[in-house]
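Trainee: The structure is given below, and queries will be raised subsequently.
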Amino acid sequence: MASVDGLLNLATAWEAIADEVGDQPALAAGGRRTSWAEFEDRAARLATTLSSHGLRPGSRVALFLFNGTAYPESQFAAFKVRGVPANVNYRYTGDELAYILQNADAEAIVYHHTLEDRIAGVRGSCPDLKLAIRVGGEPSEAPDWAVDYEMALSAEPMPRIERSGSDLWFLYTGGTTGLPKAVMWDHTNLLGTMEATFRPYRTPVPSTPAEAADTARRIADAGTEVRQLCAAPLMHGTSGIPGLATLSHGGMLATLASRNFDADELWQVVADERITMVTMVGDAFGRPMVEALDRAVAGGRTHDLSSLRLLLSSGVMFSAPVKEALLAHHPCTIVDALGSSEGTGMANQITSGSSRKAGRKETTARFGLGPHTKVFTEDGREVGAGSGERGRIALGWPLPVGYHKDPVKTAETFPLVAGRRWSIPGDWATVEADGTITLLGRGSACINTGGEKVFPEEVEEALKELADVTDCNVVGIDDDRWGQAVTAVVELAPDSVVDEAALREALRGPLAGYKVPKRIVFVDRLQRSPNGKSDYRWAKQFVVDALA
């Protein structure tokens, strides 16, 4: 099918891939695989239902779903009608949920049946909604305002149409402050994010349906297809963006059945589905994964990990000790990718079995810059290598269109520097003499204590290097003397008897005195968001309540 602007659209690429490798697996969940031919057919039938309810090019389709086959199928269907899929955090309720649907101008929502009460509570305040599709549950129990998902798939497949590379995909990001914002990615730039993933196959990113089909065929014939296990939620970029790339290679997306992360299930799925890549979120996923492997070994059991080539982490700290522990169990490659909803491929750290054999010692916060990345000072100068100067990490390509309905924030995050548009989400770093960077952290979370700036990530890294610490968050608490006092919320390792004074003393070597937490508050279990990222709002409130 031709393009209206000569630029490749993801739906058009996936249709060509399905025609070429239709018998290959595209999705896997709960022990059942969906072939590429089935995937395309189901998405085409769902697209007919969307179209019959008035959805047109540009219509927003909200995805209020847990991981499972319905997520990629609904996304594909939205792309087919040239609609705009919009992720909705399944933790949202009430006003938060209503805000997202209103901000997106959502005309359809695909939701899991267990979240039905939340939809029922906000429908009246979302007048643009034309269609609600209910996934799971008994069809007879569906409300009269919803269409059962399998019934929606009973329609005839939608004929293929011309599409555009300028069609959009919304990625809502909560950020650390303010209301959630939708980052608008067009298909051309989404394909641009896949540059590095196509490189191992010695082929450029496809620019036509024929190229997409040919690449998928060559990968399938070689038996080197990507089989991605989305340990992190598809509603977040950590699994969502790589998931688009996996499908664009003709690969397979697999998901876990458990709503809460289950590391034992993860390793079983890796073995059963011959997974080649796991998308995860740093220590929040890595530590339970190590513990599950340790338990298996202690019990005389082993998991077949022979297919696993890559662990891809993004979005939160992935400490060197946890990487080392994972590699001790299985010699794959670990890529710790620095990126955000506003830009991927900014920098990465690659750890592998060969680097361990060579005796290389990784530093958690040290990254190699991507080919389209620089570090700029606030006045627009490029930070010199070895200068010790701090700057903000900037990505030059590929770039989102901007934030939906927020031109002011768009101008701030995607400014012109030296006549070129950049994505500068707010991550600070220094540039070392060898050209690598040391990540300091997100400026919005920076703590100002006694006139000194302290990035929480640096203190968290030092804490996680201690054997007694399992997890931690560091926040700034209002203080009459210091302005803000560096304060840590710490989850101790099992059987640890260390106290606050001992932890603070242990930090005095690796950290400058003003960075050592003034107070440390202990917690049985640290709270994190569903994608494993730090929940600094919760941590700050916990500290305030604990010290009240």
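Residues checked against (1) assigned by TED's automatic domain parsing to the domain that holds P398; (2) touching a His at 6+ places or on another chain (Cβ under 8 Å); (3) basic (K, R); (4) without any contact (Cβ under 8 Å) to a residue 40 or more places away in the chain:
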{"position": "Y71", "(1), (2), (3), (4)": "no, no, no, no"}
{"position": "G94", "(1), (2), (3), (4)": "no, no, no, yes"}
{"position": "V135", "(1), (2), (3), (4)": "no, yes, no, no"}
{"position": "P139", "(1), (2), (3), (4)": "no, no, no, yes"}
{"position": "L153", "(1), (2), (3), (4)": "no, no, no, no"}
{"position": "Y172", "(1), (2), (3), (4)": "no, no, no, no"}
{"position": "A182", "(1), (2), (3), (4)": "no, yes, no, no"}
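Trainee: Could we say that D495 is at pLDDT below 90 and either surrounded by fewer than 16 Cβ atoms within 10 Å (Cβ to Cβ) or not assigned by TED's automatic domain parsing to the domain that holds S534 (or both) here? Steps first, answer last, please.
Mentor: Details: at pLDDT below 90: yes; either surrounded by fewer than 16 Cβ atoms within 10 Å (Cβ to Cβ) or not assigned by TED's automatic domain parsing to the domain that holds S534 (or both): yes.
When the stated conditions are applied, D495 passes them.
Trainee: If you don't mind, there's one more thing I want to ask. Given the residues V278, V290, which is the only one that is in a helix (DSSP H, G or I) and either closer than 22 Å to N67 by Cβ or of a type outside the set (D, E, K, R) (or both)? Don't jump to the end; show me each part of the working.
Mentor: Values: V278 fails: in a helix (DSSP H, G or I).
After ruling out the rest, the residue left standing is V290.
Trainee: Also, quick follow-up: Please report, ordered by residue number, the helices (runs of 4 or more DSSP H) entirely within the range 61-170 with at least 1 residues that are under 23 Å from the mean Cα position of the chain (by Cα).
Mentor: On the way: elements: 70-80, 94-104, 116-122, 149-152.
In the range 61-170, 70-80, 94-104 are the helices (runs of 4 or more DSSP H) which contain 1 or more residues that are under 23 Å from the mean Cα position of the chain (by Cα).
Trainee: While we're looking at this one, here's another question. Can you go through A37, A16, A86, A108 and tell me which one is closer than 22 Å to S239 by Cα and either among the hydrophobic types (A, V, I, L, M, F, W, C) or surrounded by 22 or more Cβ atoms within 10 Å (Cβ to Cβ) (or both)? Write out each step before concluding.
Mentor: On the way: A37 fails: closer than 22 Å to S239 by Cα; A16 fails: closer than 22 Å to S239 by Cα; A108 fails: closer than 22 Å to S239 by Cα.
Result of the check over A37, A16, A86, A108: A86.
Trainee: Which of the residues spanning the range 463-494 are farther than 17 Å from P288 by Cα, of a type outside the set (A, V, I, L, M, F, W, C) and out of contact with any strand residue (DSSP E or B) (no Cβ under 9 Å at 6 or more places or on another chain)?
Mentor: Of everything in the range 463-494, those that are farther than 17 Å from P288 by Cα, of a type outside the set (A, V, I, L, M, F, W, C) and out of contact with any strand residue (DSSP E or B) (no Cβ under 9 Å at 6 or more places or on another chain) turn out to be D480, R481.
Trainee: Can you pull out the residues in the range 286-312 that are in contact with a strand residue (DSSP E or B) (Cβ under 8 Å, 6 or more places away or on another chain) and within 15 Å of H330 (Cβ to Cβ)?
Mentor: In the first step, residues of the range 286-312 are kept if they are in contact with a strand residue (DSSP E or B) (Cβ under 8 Å, 6 or more places away or on another chain); the result is 286-287, 289, 307-312.
Result: G286, M289, S307, L308, R309, L310, L311, L312.
Trainee: For I350, indicate whether it is assigned to a strand (DSSP E or B), of a type in the set (A, V, I, L, M, F, W, C), modelled with pLDDT under 95 and within 24 Å of V335 (Cβ to Cβ).
Mentor: Details: assigned to a strand (DSSP E or B): yes; of a type in the set (A, V, I, L, M, F, W, C): yes; modelled with pLDDT under 95: yes; within 24 Å of V335 (Cβ to Cβ): yes.
Spelling it out, I350 is indeed assigned to a strand (DSSP E or B), of a type in the set (A, V, I, L, M, F, W, C), modelled with pLDDT under 95 and within 24 Å of V335 (Cβ to Cβ).
So that you can scan it fast, the table gives a plain yes or no per residue for (1) assigned to a strand (DSSP E or B); (2) among the polar types (S, T, N, Q); (3) farther than 24 Å from I350 by Cβ:
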{"site": "G391", "(1), (2), (3)": "yes, no, no"}
{"site": "A394", "(1), (2), (3)": "yes, no, no"}
{"site": "K405", "(1), (2), (3)": "no, no, yes"}
{"site": "A411", "(1), (2), (3)": "no, no, yes"}
{"site": "P425", "(1), (2), (3)": "no, no, no"}
{"site": "G435", "(1), (2), (3)": "no, no, no"}
{"site": "S444", "(1), (2), (3)": "no, yes, yes"}
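Trainee: Let me ask something else about it. Which number in (1) more than 21 Å from the chain's Cα centre (by Cα); (2) modelled with pLDDT under 95; (3) under 28 Å from L526 (Cα atoms) marks the one condition that S341 misses?
Mentor: All conditions are met except number (1).
Trainee: Looking only at the range 387-403, count every residue that is touching a Phe, Trp or Tyr at 6+ places or on another chain (Cβ under 8 Å) and touching a residue at least 40 places away in the same chain (Cβ under 8 Å) and tell me the total.
Mentor: Of all residues in the range 387-403, those touching a Phe, Trp or Tyr at 6+ places or on another chain (Cβ under 8 Å) come to 390-396, 399-402.
From what is left, the residues that are touching a residue at least 40 places away in the same chain (Cβ under 8 Å) are 390-393, 395, 399-402.
Matching residues across the range 387-403 total 9.
Trainee: Turning to a different aspect of this structure: What number of residues within the range 19-34 are buried (at least 24 other Cβ atoms within 10 Å of the Cβ) and at pLDDT below 95?
Mentor: Counting residues in the range 19-34 that are buried (at least 24 other Cβ atoms within 10 Å of the Cβ) and at pLDDT below 95 gives 0.
Trainee: Which ones in the range 33-75 are in contact with an Asp or Glu (Cβ under 6 Å, 6 or more places away or on another chain), closer than 19 Å to F170 by Cα and not polar (S, T, N, Q)?
Mentor: Answer for the range 33-75, where residues must be in contact with an Asp or Glu (Cβ under 6 Å, 6 or more places away or on another chain), closer than 19 Å to F170 by Cα and not polar (S, T, N, Q): A43, L55, R60.
Trainee: I've got another one for you. Restricting to the range 466-518, what's the tally of residues that are touching a Leu at 6+ places or on another chain (Cβ under 8 Å) and of a type in the set (A, V, I, L, M)?
Mentor: Number of matching residues: 12.
Trainee: Considering only residues that are free of Cβ contacts under 8 Å to residues at least 60 places away in the same chain and not basic (K, R), which ones fall in the range 7-57?
Mentor: First, pick out the residues of the range 7-57 that are free of Cβ contacts under 8 Å to residues at least 60 places away in the same chain: 18, 22-23, 32, 34-35, 37-40, 43, 56.
Within the range 7-57, A18, G22, D23, T34, S35, A37, E38, F39, E40, A43 qualify.
Trainee: Another question about this same structure. Determine which single condition A411 fails, assuming it passes every other condition in (1) over 21 Å from T188 (Cβ atoms); (2) in contact with a Gly (Cβ under 8 Å, 6 or more places away or on another chain); (3) free of Cβ contacts under 8 Å to residues at least 40 places away in the same chain.
Mentor: Tallying (1) over 21 Å from T188 (Cβ atoms); (2) in contact with a Gly (Cβ under 8 Å, 6 or more places away or on another chain); (3) free of Cβ contacts under 8 Å to residues at least 40 places away in the same chain, A411 fails exactly one: (2).
Trainee: Please verify whether D478 is without any contact (Cβ under 8 Å) to a residue 24 or more places away in the chain and assigned to a strand (DSSP E or B), treating the condition exactly as stated.
Mentor: yes
Trainee: With (1) among the β-branched types (V, I, T); (2) part of a helix (DSSP H, G or I); (3) touching a residue at least 60 places away in the same chain (Cβ under 8 Å) as the list, and V316 as the residue in question, which single condition is left unmet?
Mentor: So the condition that V316 fails would be (2).
Trainee: While we're here: Return the residue satisfying two criteria in turn: it lies in the range 417-436 and is hydrophobic (A, V, I, L, M, F, W, C) and at pLDDT below 95, and of such residues it is nearest to R392 (Cα to Cα).
Mentor: Taking the range 417-436 and keeping what is hydrophobic (A, V, I, L, M, F, W, C), we get 417-418, 422, 424, 428-429, 431, 433.
If we keep only those that are at pLDDT below 95 too, we end up with 417-418, 428-429.
Values: V417: 12, A418: 15, W428: 4, A429: 6 Å.
If we take residues in the range 417-436 being hydrophobic (A, V, I, L, M, F, W, C) and at pLDDT below 95, then W428 is nearest to R392 (Cα to Cα).
Trainee: I would also like to ask the following. Kindly establish whether A28 is out of contact with any strand residue (DSSP E or B) (no Cβ under 6 Å at 6 or more places or on another chain) and small (G, A, S). I'd like the intermediate steps shown before the answer.
Mentor: Values: out of contact with any strand residue (DSSP E or B) (no Cβ under 6 Å at 6 or more places or on another chain): no; small (G, A, S): yes.
Considered against the rule, which asks whether it is out of contact with any strand residue (DSSP E or B) (no Cβ under 6 Å at 6 or more places or on another chain) and small (G, A, S), A28 comes out as no.
Trainee: Can you tell me which residue among S258, S166, S207 is of a type in the set (G, A, S), free of Cβ contacts under 8 Å to residues at least 24 places away in the same chain and over 19 Å from M277 (Cβ atoms)? Full working, then the answer.
Mentor: On the way: S166 fails: free of Cβ contacts under 8 Å to residues at least 24 places away in the same chain; S207 fails: free of Cβ contacts under 8 Å to residues at least 24 places away in the same chain.
Among S258, S166, S207, only S258 is of a type in the set (G, A, S), free of Cβ contacts under 8 Å to residues at least 24 places away in the same chain and over 19 Å from M277 (Cβ atoms).
Trainee: Further, regarding this structure: Out of all the residues in the range 211-224, which are over 11 Å from I17 (Cβ atoms) and either of a type in the set (D, E) or touching a residue at least 12 places away in the same chain (Cβ under 8 Å) (or both)?
Mentor: Restricting attention to the range 211-224, the residues satisfying the condition of being over 11 Å from I17 (Cβ atoms) are 218, 221-224.
Passing the criteria: R218, D221, T224.
The values are calculated or read from the model by the stated rules, or taken from the named source; none is laboratory data. These numbers were taken from a predicted model, which means no experiment stands behind them. Cβ coordinates were reconstructed from backbone atoms using ideal geometry, including for glycine residues, and neighbour counts include every protein chain displayed.
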